[in-house]
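Below you'll find the structure, written out as structure tokens, and then a few comments.
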Amino acid sequence: MLESLRRIVQEVDNAPDLEQALAIIVRRVKEAVKADVCSVYLNDYENRRHILQATDGLQQAAVGRVRIELGRGLVGLVSERAEPINLDDACAHPRYLRITDSGEDRYHGFLGAPIIQNRKVLGVLVLRQLEKRQYQEDEVTFVATLASQLAGAITYARTNGELARLQDEGIPQRFLPGLAASPGIGIGTAVVVYPPADLDAIPDRRAENPQSEEDAFRGALRDVAADLDRLAARTQTNLNAEDMAIFDAWRLMLESDTLVDGTLARIRAGNWAPGALRETIAEHARVFDEMEDAYLRERASDVRDLGRCILVHLQNLAAAPIQYPPKTILVGAEISAMQIADVPRELLAGVVSTGGSGSSHVAILARGMGVPAAMGVADLPVGRAEGRDMVVDGYRGRVYVAPAPAVRAEYQRMAEHDRAMTNELKALRHLPAETTDGFEVPLFLNTGLVSENRPLGLDECAGVGLYRTELPFMVRDSFPGEVAQMANYRKVLEMFAPRPVTIRTLDIGGDKPLPYFPMHEANPFLGWRGIRITLDHPEIFLTQVRAILRASVGLDNLRILFPMVSTVTELDEALILLRRAHDELLEDGYQVRMPATGVMIEVPAAVYQAEALARRVDFLSIGTNDLTQYLLAVDRNNSHVAKLYDELHPAVLRALSQTLVGALVHGREVSVCGEMAGDPLAVILLVGLGVHSLSMGAHSLPRVKRVIRSISRARAREVLKAALQCEDAAAVRRLLVNTLETLGLGGLVRPGG
Ligand code: PEP
Ligand code: MG
């Protein structure tokens with residue numbers, strides 16, 4: 001039975017359309033369990049009915065004609081209960097309904113399984129037997145499994161209008177769900193991209209002449225480096241420095257010992273260059289793959305992308321350049337960031353990937369370039385997408401294939417509204433972030449740049465509220481030394497001086513492990529992370545802190561922040577080490593001033609100890625990304641529980657409020673530096689709470705400023721009071737959306753609103 005299950009699943013997968021997928025299912029299932037009839041009913045919620053959509057055993061003429069009122073009969077019961085129903089004598093059941101125009105005799109045996117996608121029942125798969133028959137346990141699971149297999153095919157058919165055609169009556173257009181990866185609306189034509197060369201198909205081969213293989217490999221590296229330069233130059237005007245760091249990361253990877261020396265060693269051992277490259281890339285990628293965490297998996301795909309690019313040049317395969325149409329929607333199962341950078345910005349209207357998540361590099365690039373993107377759109381059959389009309393709703397992570405004219409027109413309207421809004425926001429650039437009753441809430445930038453370009457928002461922000469130091473550590477092959485680190489910190493301190501720059505000490509672990517500092521943990525987010533690692537390795541901590549302090553000499557705009565603190569002892573130890581580094585530097589003759597110090601509040605324990613922590617430092621900075629995940633017990637990177645991750649959860653609001661109370665006992669300032677600070681809805685609450693400053697990505701600055709300039713602090717306090725009465729995040733969200741709407745700012749959170 002397992003074997004036939006596998007075969008059927010494969011056949012359904014390969015079916016060109018829904019009609020044939022359904023035909024395969026009913027025929028094969030009927031055969032496999034030796035039933036007399038197998039049928040599929042689909043739910044048409046719009047018209048409140050179940051429609052017979054395919055059958056093997058009943059008259060074909062009944063297909064599309066048999067329509068049962070929603071909820072009636074045994075089909076209705078299966079749909080209602082959303083679980084299989086197995087009856088040896090259906091006729092004896094009170095919900096039995098005899099349908100005469102389908103050629104139904106009195107069937108006794110009955111097994112119905114719901115077809116469910118995203119908690120919604122799309123239809124019912126039904127088996128019938130003339131005789132009385134109780135289906136066996138393994139037959140029930142078999143049918144239930146196939147029913148779930150159908151769900152994806154049905155969703156896709158709905159999206160592209162196929163189902164509407166099948167049911168010959170229009171039903172509203174459905175979308176393919178995915179993850180919102182970059183906000184905005186993209187309307188255009190799909191261009192499908194695929195990996196340029198198959199590295200895995202390369203065989204080993206003895207090199208005739210190792211020297212010429214070596215030369216070819218080095219030549220390919222040079223070509224790829226030139227490609228990267230070209231792509232970086234093309235992308236530069238659209239990206240801020242932090243996002244441009246992706247190109248730096250590739251350059252470092254391209255020049256890394258692991259790649260270059262590893263491949264050369266294999267060539268010298270006798271393999272030809274493509275074979276040596278395949279082995280090296282596979283080994284390098286495997287290291288990332290095996291660590292089984294989100295960030296490193298993304299790195300593994302970067303390594304493979306790079307390997308393919310080198311192979312293309314090694315084989316002189318450089319494909320004919322793609323002719324991108326105006327309004328290109330780039331679609332792929334595995335889009336590489338290089339492929340996105342290859343599309344001229346003025347032609348790129350959107351990005352859709354069937355894999356990946358909001359933290360994939362492709363998503364980061366899309367956000368940086370301001371291109372709408374949806375990731376993880378798993379139901380999109382990429383093979384059939386080329387040249388299709390498409391709408392990408394990057395606000396909600398939705399994709400419409402061949403949208404109906406009404407859907408298209410609605411999105412067109414939203415896109416126009418978006419454009420008007422963007423122009424309006426530009427006008428705010430040089431105005432302060434001040435409430436209507438005169439309270440200023442300075443807006444800082446979150447950054448982690450490693451390249452030298454001017455970051456977006458540089459002129460507009462009050463300084464840097466969170467400099468994440470992980471990035472420069474991540475793009476290397478080993479820990480950077482004091483001098484290399486210092487140069488990096490100096491750059492950012494100089495760039496923003498005299499405005500303050502808050503540098504956070506290394507926050508690796510969790511979803512940010514270092515490739516050269518492997519950790520194997522069952523629960524990395526509850527494990528060795530942030531300050532816990534650096535206190536266990538004072539040599540790493542001291543090197544970093546010395547580098548940070550030395551970088552600030554003469555500028556004096558430095559503030560230091562400690563991540564992931566969960567006890568006061570950790571903070572005391574960190575402060576002792578910081579003072580020690582400071583004393584040593586003074587002894588060494590450096591004119592270093594002791595900087596202001598702060599602690600991140602991102603663990604529930606820190607919330608309850610805000611007062612004790614605040615007593616020891618100059619400021620608190622709330623990391624709502626981690627605080628939300630730890631308070632709600634929801635992994636911030638897990639798409640299965642993404643719906644539960646909500647910064648507007650009343651528990652999060654109470655934690656923020658409690659933190660402020662603790663800080664104010666000692667007159668300390670509190671800043672918020674998680675994503676929440678950049679959310680136009682949440683900002684109302686943060687202003688109401690009396691948070692002293694906010695720190696966010698450059699793209700959020702204008703929207704947040706717009707909200708602050710439209711509301712009084714008194715009003716924000718009233719809204720906060722009402723929010724604290726709410727019992728769930730949905731109620732808080734409704735309240736905030738209403739508030740924004742009454743301020744005339746609904747469009748900031750709802751496209752076209
Ligand atoms: C946070 O947790 O909110 C935060 C700002 O830190 P990071 O996102 O780097 O973990
Ligand atoms: Mg954090």
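The values are calculated or read from the model by the stated rules, or taken from the named source; none is laboratory data. Note that the structure is predicted; figures quoted are calculated from it, not measured. No Cβ is skipped: glycine too gets one built from the backbone with ideal geometry, and neighbour counts run over all protein chains shown. Remember, those area values only see protein heavy atoms, side chains included, never the ligands or the DNA or RNA. Shrake-Rupley method; radii C 1.70, N 1.55, O 1.52, S 1.80 Å.
Annotations
- Scanning the stretch 468-483 for residues that are within 25 Å of ASP261 (Cα to Cα) and β-branched (Val, Ile, Thr) yields one hit, VAL475.
- Candidate set from the stretch 456-470 (those that are charged (D, E, K, R) and within 16 Å of ligand 2 (Cβ to nearest atom)); member that is surrounded by the fewest Cβ atoms within 10 Å (Cβ to Cβ): GLU470
- Exactly one residue out of PRO513, PRO518, PRO500, PRO524 is at pLDDT below 95, away from ligand 1 (no atom under 16 Å from the Cβ) and either under 22 Å from the mean Cα position of the chain (by Cα) or not aromatic (Phe, Trp, Tyr) (or both), and it is PRO518.
- Matching residues in the stretch 398-434 - criterion: being in contact with an Asp or Glu (Cβ under 9 Å, 6 or more places away or on another chain) and β-branched (Val, Ile, Thr): VAL399, VAL401
- Residue in the stretch 668-680 that is of a type outside the set (Phe, Trp, Tyr), away from ligand 2 (no atom under 16 Å from the Cβ) and over 20 Å from the mean Cα position of the chain (by Cα) present: yes
- Failed item, numbered, when PRO650 is tested on (1) within 16 Å of ligand 2 (Cβ to nearest atom); (2) at pLDDT 95 or above: (1)
- Scope the stretch 708-729; condition more than 13 Å from ALA651 (Cα to Cα), part of a helix (DSSP H, G or I) and small (Gly, Ala, Ser); matching residues: ALA714, ALA716, ALA722
- Residues located in the stretch 614-641, provided they are more than 14 Å from ligand 1 (Cβ to nearest atom) and surrounded by fewer than 19 Cβ atoms within 10 Å (Cβ to Cβ): ARG615, ARG616, ASP618, ALA633, ASN638, SER639, HIS640, VAL641
- One residue stands out in the stretch 46-67 among those that are in a strand (DSSP E or B) and more than 17 Å from LEU127 (Cβ to Cβ): the one that is most open to solvent (accessible area, probe 1.4 Å), namely ARG67.
- Number of the exception - CYS673 against (1) surrounded by fewer than 22 Cβ atoms within 10 Å (Cβ to Cβ); (2) in contact with a Leu (Cβ under 8 Å, 6 or more places away or on another chain): (1)
- Taken as a whole, the stretch 537-552 holds at least one residue that is on the phi < 0 side of the Ramachandran plot, away from ligand 2 (no atom under 16 Å from the Cβ) and of a type in the set (Phe, Trp, Tyr).
- Test: residue in the stretch 508-530 that is within 16 Å of ligand 2 (Cβ to nearest atom), among the small types (Gly, Ala, Ser), out of contact with any Cys (no Cβ under 7 Å at 6 or more places or on another chain) and in a strand (DSSP E or B): yes
- When residues of the stretch 585-602 are limited to those that are farther than 15 Å from THR505 by Cβ and surrounded by 21 or more Cβ atoms within 10 Å (Cβ to Cβ), the one nearest to ligand 2 (Cβ to nearest atom): ILE601
- Count of residues meeting criterion [outside any helix (DSSP H, G or I), out of contact with any helix residue (DSSP H, G or I) (no Cβ under 7 Å at 6 or more places or on another chain) and under 23 Å from ARG419 (Cα atoms)] in the stretch 359-392: 7
- Unmet criterion (only one of (1) within 16 Å of ligand 2 (Cβ to nearest atom); (2) open to solvent by 10 Å² or more (accessible area, probe 1.4 Å)) for LYS721: (1)
Conditions (1) under 18 Å from ILE154 (Cα atoms); (2) at pLDDT 90 or above; (3) assigned by TED's automatic domain parsing to the domain that holds THR145; (4) open to solvent by less than 30 Å² (accessible area, probe 1.4 Å), marked per residue:
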residue: ASP36; (1), (2), (3), (4): no, yes, yes, no
residue: LEU74; (1), (2), (3), (4): no, yes, yes, yes
residue: ILE85; (1), (2), (3), (4): no, yes, yes, yes
residue: THR100; (1), (2), (3), (4): no, no, yes, no
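- Residue within the stretch 653-673 that is in a helix (DSSP H, G or I), touching an Asp or Glu at 6+ places or on another chain (Cβ under 8 Å) and either under 14 Å from THR435 (Cα atoms) or within 16 Å of ligand 1 (Cβ to nearest atom) (or both) present: no
- Scanning the stretch 525-543 for residues being in contact with a strand residue (DSSP E or B) (Cβ under 6 Å, 6 or more places away or on another chain) and either more than 16 Å from TYR630 (Cα to Cα) or open to solvent by 30 Å² or more (accessible area, probe 1.4 Å) (or both) gives a total of 3.
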